[in-house]
Amino acid sequence: MNNNFRKINLYILSLGLLFVFLIIITIKFPNECFDIKDFGDWKDILLLNIIPIICLIMLFYSFFAYKKFEFDLKGTTDIPFSVTKIESINYEHLTFLATYIIPLISFDFESFRQMIVLGLLLVVMGVIYIKTDLFYANPSLALLGFYIYI
């Protein structure tokens, strides 16, 4: 269970860029007659920005997942082993980005059906990501300075 939780966190972390892009694409700013003291105006802005709010929450969770991952790495012990072959797979980050993240930002975020499809697609991708141990193909880890070798 703990191992699956770690994989889920790494998957959510891998979607960090998607959350940033979705916030930029979908955020709606108040119009010029927005009254900062009016509760109704705040309610309207919040209702117009449900997707960016969810993405912001998930972005904060991604930060938590990264900090948890970083903490777990600090607690690892050095187990003696010998490396017989090493291969850099840093290109996998670009593959993940080009194959999954970029096409997902082309969804119509005004369509409820397309949002359901996007949510289901993210869940299916997450299940595949976890079942096939694709956590190494994480563009967020690449941006944070990690190098992946197999």
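Each value in this text was obtained by applying a stated rule to the coordinates, not by laboratory testing. If you're wondering where the values come from, they're calculated on a predicted model, not measured in any experiment. Cβ: placed from backbone, ideal geometry, glycine included. Neighbour counts: every protein chain shown.
So in region 24-46, with the set limited to residues that are charged (D, E, K, R) and surrounded by 12 or more Cβ atoms within 10 Å (Cβ to Cβ), which one is nearest to residue 105 (Cα to Cα)?
Restricting to residues being charged (D, E, K, R) and surrounded by 12 or more Cβ atoms within 10 Å (Cβ to Cβ), the top hit is 28.
Looking at region 43-54, is at least one residue part of a helix (DSSP H, G or I), in contact (Cβ under 8 Å) with a residue 24 or more places away in the chain and either at negative phi or not hydroxyl-bearing (Ser, Thr, Tyr) (or both)?
yes
For residue 6, which of the numbered conditions (1) loosely packed, with under 12 Cβ neighbours inside 10 Å; (2) in a helix (DSSP H, G or I) fails to hold?
(1)
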